Amino acid sequence: MAQVTEKEEKTQNSNGKAKSANGFPAKTYQSWYHEMLRMRKFEEKAGQLYGMQKIRGFCHLYIGQEAVAAGMLSAIQKGDKVITAYRDHAHALGMGIPAKEIMAELYGKATGCTKGKGGSMHMFSKEHNFYGGHGIVGAQIPLGAGIAFAEKYKDTGKICICFMGDGAVRQGALHETFTMAMLWKLPVVFICENNGYGMGTAVERTTNVPDLYKIGLAYDMPSFQVNGMEVEPVHHAIADAAARARKGTPTFLEIKTYRYKGHSMSDPAKYRSKEEVEEFKAKDPIDHVLHIIQSEGLADEKWLADTAEQVKAEIDEAVKFAEESPYPDPSELYKDIYVQQDYPYLTD
């Protein structure tokens with residue numbers, strides 16, 4: 001999702017007003033809506049295909065959290081790096097990996113973005129500056145700092161956005177990483193997507209400091225809590241953090257969001273009440289953006305219908321591509337592990 005240019009801001013949008021009442025260009029709201037709808041519909045289709053056993057293994061859906069990824073996309077620059085945990089389909093989509101390659105990866109097909117070897121939890125594309133997709137809880141936190149260290153060392157002016165879940169905040173690696181990030185003034189933004197539950201355990205049951213952003217304050221790291229059910233505060237918080245990162249100051253953001261599905265496809269989520277889920281569904285981040293677009297005339301109904309059709313066509317094409325793609329050749333089992341091409345594997 002590209003930044004809206006100054007010229008575009010000043011240009012009257014043919015489908016409605018040029019700007020919203022809060023100052024964001026109409027094109028920004030249109031981009032947010034399009035990206036969030038893509039994420040939602042992709043995940044809904046993935047859940048459906050999982051139920052049909054087309055997709056197997058672990059599968060963690062992002063439904064409900066779309067404002068976090070969308071707000072990040074509009075706040076960063078081309079060339080910035082992103083790394084996250086295993087709830088990664090939406091981030092991969094947003095960073096530009098084609099939907100068909102992500103779907104093929106879910107199917108375990110050779111045409112997937114990690115050649116069918118990573119599956120749901122291990123999406124990756126150096127070409128699109130997306131570095132995973134990591135199945136080990138918290139493993140991406142020091143890796144994110146490492147990516148930022150490389151950007152500083154090479155003096156690229158680029159930053160790394162490092163996502164984690166609320167459960168990962170409990171890992172010791174976070175504290176070691178925060179120490180080094182502040183000491184070395186790394187161009188990194190740490191983002192905790194706090195959806196309230198580490199698997200099935202509520203945050204309040206894991207700590208006497210449920211406001212997780214306060215952890216960063218112990219390192220004199222700028223740290224803030226953000227409403228993750230609305231895209232505007234997410235955008236503002238990450239844009240400010242990105243600006244600090246480019247000057248050598250890390251930031252820790254606790255973005256409070258909510259997942260409407262279980263931790264993974266195998267989780268019935270019985271640890272939550274129906275009333276709680278419905279309360280957050282009433283705050284649906286996509287409905288929020290849609291309401292502003294419609295109430296402020298930022299796009300007409302034809303644009304909304306065309307966008308929905310475009311998203312549907314993209315996902316239908318992705319499923320067709322995945323269905324028709326081949327599985328990896330067995331020889332691929334021994335590739336992409338070591339740099340040494342003739343590594344002496346024991347194959348008998």
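The values are calculated or read from the model by the stated rules, or taken from the named source; none is laboratory data. Keep in mind that what you see is a predicted model, and the values were worked out from it rather than measured. Heads up, the Cβs are rebuilt from the backbone with ideal geometry, glycines too, and the neighbour counts pull from every protein chain shown. SASA here: full protein model, heavy atoms, side chains in, ligands and nucleic acids out. Shrake-Rupley method; radii C 1.70, N 1.55, O 1.52, S 1.80 Å.
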Given axes a ≥ b ≥ c from the Cα gyration tensor, I'd like to know whether the chain is rounded (a/c under 1.5), prolate (a/b larger than b/c) or oblate. rounded
Looks like the stretch 94-186, by Cα gyration tensor root eigenvalues a ≥ b ≥ c and the a/c under 1.5 rounded cutoff (else prolate when a/b is bigger than b/c, oblate otherwise), is oblate
Can you give the % of DSSP beta bridges in the chain that are antiparallel, to the nearest 5? 15 percent
Run the numbers on the chain and let me know its relative contact order in percent, using alpha-carbon pairs under 8 Å that are six or more apart. 23 percent
Could you give each residue of the stretch 225-241 its phi-based ³J(HN,Hα) in whole Hz, using Karplus coefficients 6.51, -1.76, 1.60 with θ = phi - 60°, and x for Gly or Pro? 9, 10, 6, x, 8, 10, 6, 4, x, 5, 4, 4, 5, 6, 4, 5, 5
Can you return the lysines within cross-link range of K283? Criterion is Cα-Cα under 29 Å, with same-chain partners fewer than 8 residues away left out. K17, K19, K27, K41, K45, K214, K256, K261, K270, K274, K302, K312
Using a 1.4 angstrom probe on the protein heavy atoms only, could you order D267, D166 from most to least accessible area? D267, D166
How large is the charge dipole for the stretch 62-141, taken about the Cα centre, if only the Cβ atoms of Lys, Arg (+1) and Asp, Glu (-1) carry charge, to the nearest 20 debye? 200 debye
Tally of Lys pairs whose C-alpha atoms are under 18 Å apart, taken over the stretch 49-152, 8 or more apart or cross-chain: 16
Selection from L304, I76, Q53 lying farthest towards where the dipole of the chain points positive, charges on Cβ: I76
Straight-line reach check, K185, cutoff 15 Å on alpha carbons, 8 or more apart in-chain or any other chain, hits among aspartates and glutamates -> E151, D155, E176, D220
Of all accessible surface on the chain at a 1.4 Å probe, what whole percent is carbon and sulfur? 54 percent
Along the stretch 143-153, what does the Karplus equation 6.51 cos²θ - 1.76 cosθ + 1.60 (θ = phi - 60°) give for ³J(HN,Hα), rounded to whole Hz, x for Gly and Pro? 5, x, 5, x, 4, 5, 4, 5, 5, 5, 4
